[in-house]
Amino acid sequence: MAEVRFSQDEFTCPVCLDLLKDPVVIPCGHSYCKNCITGFWDQEDQMRVYSCPQCRQTFSPRPALARNTILAVVVEKFKKTRLSADCYAGAGDVQCDVCTGRKHKAVKSCLMCLNSYCQNHLEQHETFFRGKRHNLTDATGRLQEMICQKHDKILEVFCRTDQKCICVLCMDQHKSHDIVSAAAQRTEKQDQLKETQKSFQQRIHQREKDLQQLREDVESHKRSAQTAVEDSERMFTELIRSIVKSHSELIRLIRDQEKQAVTQAEGRLERLEQEINDLRRRDAELEQLSHTQDHIQFLQSFQSLSAPPESTDVNDDPFSSLISFDGLRESVCQLRDKLEDFCKEELKKVSDRVSCTSEHKSTQDVCDDEDVEIVFELKPMRKHAELAARLMLPPTFFCYKNHPGYLSDDDNDDEDFESAVRNIKGKLYADGADGASDDDDDFSWSGAGATVSGNTVKEISLPEVEVRSGEENEEILFKERAKLYRWDHEVNQWKERGVGAIKILFHPVKKSYRVLMRRERKLKDCANHIISQSIELKPMKTSAKALVWTTTDYSEGDGKVEQLAVKFKTPELVESFKQTFTDCQSRMLQTDAAQMSAAEALCRDSNPVVFFDITIDNEDAGRIVMELFAHIVPRTAENFRALCTGEMGFGYRRSIFHRIVPDFMCEGGDITNQDGTGGKSIYGGKFEDESFEVRHTGPGLLSMANRGRDTNSSQFFITLKKAEHLDFKHVAFGFVKDGMDVVRRIGELGAKDGKPTKTITISDCGQIM
């Protein structure tokens, strides 16, 4: 007999919109929950005329209510049928091979039939093959791996000579081999597994001790380095006027050594942590394997799992080859003690290494995005002294703003301030320097404020440091050296951000693209932003080798709308960057279209369509048109529709989007507090989760924001990407039919903490159909 299927709507009470409870029928033929119709009629007692909430037929006197026994039985069966849906196979479950349509979860697999069965079909199998030897095992998706590919027989024995599982028919080809049952081989390997597991656990324990010791060594070395810095600064205070260059070099030497040692140690720490994680994962897999009932799987998996991962060498001390800070302090003390006697001689040695020139030399470069000169000043301003401290220069040296930054085609411009300091090759220049006497307490020259520079020792390059920034999980689509600028709106001119390799990266899991650029020899990002559909690359009017665009950039942590420009060596590189950038935008459009098609498949002509008119900082930004899935989640859709029309006296008009997470979602609808802590539904307060049938399959999905189960009010969010982790937690109830470009523009105005960078307001809203 054909199976009759019903939908939940056929057994829903028109008053409470839930399954009928204690169903009763009234004279017009409509059915309601007994409590619902009783409460409805209690409100009409004064008029003595009672009506049907659906067809509005009136009755007088008040009809008696009789329980609809047949309908009650049908509703109970429907509830049981709905509960049985939990037995359907989900992701990772073994499916029943006999079920048609939506398959149930298998509970057993038959090694004779090579099929897996759910509980119902397993009972049929047992009845049909009663008395026959059919070997059943726990449901597994590895049936084909348990069968001999040559004879189609079950793998039952193990050949120790060839170290593989075979069937009984294969034994003829292994007559002279050492053959045992799979169970016997499993027993032997089980003992080896325990020994291997014990060895791994011992290694984990030892590596944890090594890790802790190395961390303590790093902290001790940092403290030692800091102590050396403090001691040297205290000692050199007495000598600062005469040995400024030596003081600077000593501090830099300590810092370089500290950075080099800590960098090496941190790399070793990372490798040790990775090895421990690998050992723990391998130990967990061995533990899981030790409990499996499948001998074949055990034997096939044991060999690969028992091999230990590559070990990290911790015997090589990363600090052994470095200069001792104790010896450094001793040398400084000796210099201080002997300074009185050897002052003239030591000063002569220093002066021999200094070459004076009669020409005025200035060094221009970018410091905090501006061109500078290194200047000596007896009484520097506070901000100049702070800058000198950051650059490890004496406080009497500061960074002087020479002239405004600009964007030119000169590829010989210095790239950052630190490199400008390093590029000063040991020259000390001052107008009228010969006019200063050796015993001048102020260490001053006539014409104080002249441009000077100091670095009389060999240049020491900063080490290349690999920093984990998420790039390890991304594919590099473009990478070329370039110079980056930003537009300074306060002074209306371009300011240089730095020089380095600009990359276009693709994340294969998140399906997102971004631009990333880091300054050379520094750990600071110049640019870090998502590639979106709304970004438009434009050529620079003053240079054929530069491009300009506007975006929300996160290189400084918080999102900030910036106008950026990048300059390459050749026009060909410009074209290559532009082509890769636009290709990413095209692929994003295709991905969005494919993901949105799943939502479009849920469209119905009878569903309500509503709209938002959006303003950004009081400027019109466009309209968002949304269809609500009333045929799936009628209560949720009705709540959103009524809040759009404002027919209940309150709604979304004049409310804001209070939380925006770029490349994730845009959240709004707090019509009471406007900050995500409030909200109000048309049902008076919070209402329950209606259905999780609609999944968060891509961008443009409308979903309820909540604070846990059954806490829906007026707050909602619109997705900017696929968000499967929100399934079964948030009720999706509609999708954006038109205006996705407006949604993406809103999405670019967020930050990592969710706070919008501009005010996004729903200036008007309502229902279209």
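Considering the stretch 133-183, the qualifying strands (runs of 3 or more DSSP E), each wholly inside and each with 1 or more residues that are of a type outside the set (Gly, Ala, Ser) and more than 30 Å from residue 95 (Cβ to Cβ), run over 157-159, 179-181.
Residue-by-condition table, conditions (1) closer than 23 Å to residue 720 by Cα; (2) assigned by TED's automatic domain parsing to the domain that holds residue 758; (3) among the acidic types (Asp, Glu); (4) under 30 Å from the mean Cα position of the chain (by Cα):
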{"residue": "609", "(1), (2), (3), (4)": "yes, yes, no, no"}
{"residue": "621", "(1), (2), (3), (4)": "yes, yes, no, yes"}
{"residue": "625", "(1), (2), (3), (4)": "yes, yes, no, yes"}
{"residue": "634", "(1), (2), (3), (4)": "no, yes, no, no"}
{"residue": "637", "(1), (2), (3), (4)": "yes, yes, no, no"}
{"residue": "641", "(1), (2), (3), (4)": "yes, yes, no, no"}
{"residue": "649", "(1), (2), (3), (4)": "no, yes, no, no"}
{"residue": "663", "(1), (2), (3), (4)": "yes, yes, yes, yes"}
{"residue": "679", "(1), (2), (3), (4)": "yes, yes, no, yes"}
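Taking each residue of the stretch 689-705 that is outside the structural domain of residue 722 (by TED's automatic domain parsing) and touching a residue at least 24 places away in the same chain (Cβ under 8 Å) and looking for partners that are buried (at least 24 other Cβ atoms within 10 Å of the Cβ) and not in a loop (DSSP other than H, G, I, E, B) with beta-carbon atoms closer than 7 Å, six or more apart or interchain, yields nothing. Within the stretch 489-528, being closer than 18 Å to residue 540 by Cβ and surrounded by fewer than 16 Cβ atoms within 10 Å (Cβ to Cβ) holds for 489, 492, 493. Scanning the stretch 100-125 for residues that are out of contact with any strand residue (DSSP E or B) (no Cβ under 9 Å at 6 or more places or on another chain) and surrounded by 13 or more Cβ atoms within 10 Å (Cβ to Cβ) yields a count of 1. If only residues of the stretch 264-297 that are surrounded by 15 or more Cβ atoms within 10 Å (Cβ to Cβ) and among the polar types (S, T, N, Q) are counted, the one that is nearest to residue 223 (Cα to Cα) is 264. Could you count how many residues in the stretch 727-769 are part of a loop (DSSP other than H, G, I, E, B) and of a type in the set (Val, Ile, Thr)? Final tally of qualifying residues: 4. Residue pairs whose Cβ atoms lie under 6 Å apart, sitting 6 or more positions apart in sequence or on different chains, and linking a residue in the stretch 749-769 that is closer than 15 Å to residue 664 by Cβ and assigned by TED's automatic domain parsing to the domain that holds residue 664 to a partner that is among the basic types (Lys, Arg) and part of a loop (DSSP other than H, G, I, E, B), are 749/758. Selection of the stretch 633-645 for residues being of a type in the set (Gly, Ala, Ser) and touching a residue at least 60 places away in the same chain (Cβ under 8 Å) yields only 637. Evaluate the following for residue 564: is it closer than 16 Å to residue 487 by Cβ, in the same structural domain as residue 479 (by TED's automatic domain parsing), touching a Leu at 6+ places or on another chain (Cβ under 8 Å) and at pLDDT 85 or above? Spelling it out, residue 564 is indeed closer than 16 Å to residue 487 by Cβ, in the same structural domain as residue 479 (by TED's automatic domain parsing), touching a Leu at 6+ places or on another chain (Cβ under 8 Å) and at pLDDT 85 or above.
Considering only the stretch 162-172, how many residues are polar (S, T, N, Q) and over 19 Å from residue 299 (Cβ atoms)?
Result for the stretch 162-172: 0.
Exactly one residue out of 161, 196, 137, 187 is modelled with pLDDT under 80 and of a type in the set (Ser, Thr, Tyr), and it is 137.
The values are calculated or read from the model by the stated rules, or taken from the named source; none is laboratory data. Since the model is a prediction, treat every value here as computed from it, not as a measurement. Counting neighbours? That spans all protein chains shown, and the Cβs are built from the backbone with ideal geometry, glycine included.
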